[in-house]
Structures are given as structure tokens and as C-alpha cells.
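Q: What follows is a single structure, and I will ask about it in a moment.
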Amino acid sequence: MSLLLKTGFILGSASPRRLELLKQAGLEPVKTISADIDETPLKGELPKPYVIRMAKEKAEKLIPLAEGRPLLAADTVVAVGRRILGKPRNKEEAEVFLRLLSGRRHAVMSCIVLVMPDGRLLSRFVQTKVLFKRLDESEIKDYLSSGEWEDKAGAYAIQGLAAVFVKSIIGSYSNVVGLCLPTTVSLLKGALGTVPFS
């Protein structure tokens, strides 16, 4: 792991959760940058193709700003069947999302992309299944009042107050937080090895 500390990669994300997760794994990017892209799903687009497309579009837009360093980008969505639940636009939409998740199993899908200095683009898809308990009216109201749903895919943060909503989880917990650490570390180690970019 110490070898990875020497690799000067750039994180293509403004998410504080992704940055914190990387630090937990002993990895700290040289800097963080973010891409402003249109995140509207295409007509009929399913969750998996959507999240892969978003991650790659973010990475590709940021390549000119990567300064010749490896660039790590990612995207995460919550999916209920064929329906994509991104970040809610307002409190009303957050309530719709919570009611949809209540008492049901959903998928948290992510795509992690690593763009190498030579232009190679490596990607990994990760999926975690999460089961929510049935939420009562007071739980929905209190959670909406907390504001924690803001800027969260699916309108909840598993590492926060919403932890009490989760009955079971199959797959990577860190993926639900915002970045699957085992997959990310494996991708970085496999691609960068011991080559220092700093």
C-alpha cells in the first residue's frame, strides 16, 4: 500500500465521501477536479449502461486537466428495477425516492474509471444489493428534515442517519458510501504498480 502513496493520481470527483474513503485506504490524490456534464439519462436507458456512460464521460472530459497524471473518476446510482434514482432535485423528490425504497431491495451501481497518462481507459463495474426496512411516516419526515438526503444518490447516506433503515446488504459497503475500496485499490495497484508519477 505504501507504494501507492507515491503515485500522484488525480481524483476526478468533487465528492467529499470519495476523498475520505480514499484516505481511509491510505490513498490521497495530488488534487481533486470535477466535471460538469449533462447527467440526464437517455430515453429508455437502463441503470447499468447509464452509470458506465456517466463515469466514462466524466473521465474523458477531465483528461485535458489531468496534467499527464493518472485520473480516477467514478459515478454511482441507486436503481429500483429499471428506474434510476440519482441525486434528488428537491425535498419532494427525495420523499418520492424514500417511499420507493421503503421495504424494498434496491441496487447501488457504480463504475470506476482510471485513465492512464498514455490514454488507456480502464474501468470496473460494481453492484451492491441493499434491503430497506419498511419506513414509517415519522422516519420519512424526520429524515427529510435532517437534510442528509441532499446531494446523495437515492436520497440517503448509509454512513449517516439512514444506517437504521438498512436491514441487509450484499456486496461492498464502501460502494454504497460512494466508492468501492477493494475494486478501486485493485484497479490502481494493477495499473500503476510501483511506478511513481510524483
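The values are calculated or read from the model by the stated rules, or taken from the named source; none is laboratory data. A quick note: this is a predicted structure, and the numbers were derived from the prediction, not measured. Ideal geometry is used to build each Cβ from the backbone, glycine not excepted, and the neighbour counts take in all protein chains shown. Side chains are part of the model used for accessible areas, which takes the heavy atoms of the whole protein and leaves out ligands, DNA and RNA. Shrake-Rupley method; radii C 1.70, N 1.55, O 1.52, S 1.80 Å.
Q: Quick one: which residue in K61, K87, K48, K56 is charged (D, E, K, R) and outside any helix (DSSP H, G or I)?
A: Numbers: K61 fails: outside any helix (DSSP H, G or I); K48 fails: outside any helix (DSSP H, G or I); K56 fails: outside any helix (DSSP H, G or I).
Residue meeting the stated conditions: K87.
Q: Another question, if that's okay. Which residue out of G44, G86 is surrounded by fewer than 16 Cβ atoms within 10 Å (Cβ to Cβ) and either within 12 Å of the chain's Cα centre (by Cα) or of a type outside the set (A, V, I, L, M, F, W, C) (or both)?
A: Details: G86 fails: surrounded by fewer than 16 Cβ atoms within 10 Å (Cβ to Cβ).
That would be G44, the only listed residue that is surrounded by fewer than 16 Cβ atoms within 10 Å (Cβ to Cβ) and either within 12 Å of the chain's Cα centre (by Cα) or of a type outside the set (A, V, I, L, M, F, W, C) (or both).
Q: Looking at the stretch 143-163 only, could you name the residues that are in contact (Cβ under 8 Å) with a residue 40 or more places away in the chain, outside any loop (DSSP other than H, G, I, E, B) and open to solvent by 20 Å² or more (accessible area, probe 1.4 Å)?
A: A153
Q: Can you tell me which residue within the stretch 68-81, out of those that are in contact with a Gly (Cβ under 9 Å, 6 or more places away or on another chain) and part of a loop (DSSP other than H, G, I, E, B), is most open to solvent (accessible area, probe 1.4 Å)?
A: Checking each candidate, the answer is R69.
Q: Condition test on L101, is it touching a Gly at 6+ places or on another chain (Cβ under 8 Å), modelled with pLDDT of 95 or more and buried (at least 17 other Cβ atoms within 10 Å of the Cβ)?
A: On the way: touching a Gly at 6+ places or on another chain (Cβ under 8 Å): yes; modelled with pLDDT of 95 or more: yes; buried (at least 17 other Cβ atoms within 10 Å of the Cβ): yes.
Against the criterion (touching a Gly at 6+ places or on another chain (Cβ under 8 Å), modelled with pLDDT of 95 or more and buried (at least 17 other Cβ atoms within 10 Å of the Cβ)), L101 qualifies.
Q: Right, here's the next one. Can you find a residue that is of a type in the set (G, A, S), over 18 Å from S123 (Cα atoms) and either touching a helix residue (DSSP H, G or I) at 6+ places or on another chain (Cβ under 9 Å) or at pLDDT 95 or above (or both) anywhere in the stretch 91-98? Please lay out each step first, then the result.
A: Taking the stretch 91-98 as the starting set, the residues that turn out to be of a type in the set (G, A, S) are 94.
Within this subset, residues satisfying the condition of being over 18 Å from S123 (Cα atoms) are 94.
Subsequent filtering for residues that are either touching a helix residue (DSSP H, G or I) at 6+ places or on another chain (Cβ under 9 Å) or at pLDDT 95 or above (or both) retains 94.
Yes, the stretch 91-98 contains at least one residue that is of a type in the set (G, A, S), over 18 Å from S123 (Cα atoms) and either touching a helix residue (DSSP H, G or I) at 6+ places or on another chain (Cβ under 9 Å) or at pLDDT 95 or above (or both).
Q: What number of residues within the stretch 8-24 satisfy the criterion of being open to solvent by 20 Å² or more (accessible area, probe 1.4 Å), farther than 17 Å from A55 by Cβ and touching a residue at least 60 places away in the same chain (Cβ under 8 Å)?
A: 1
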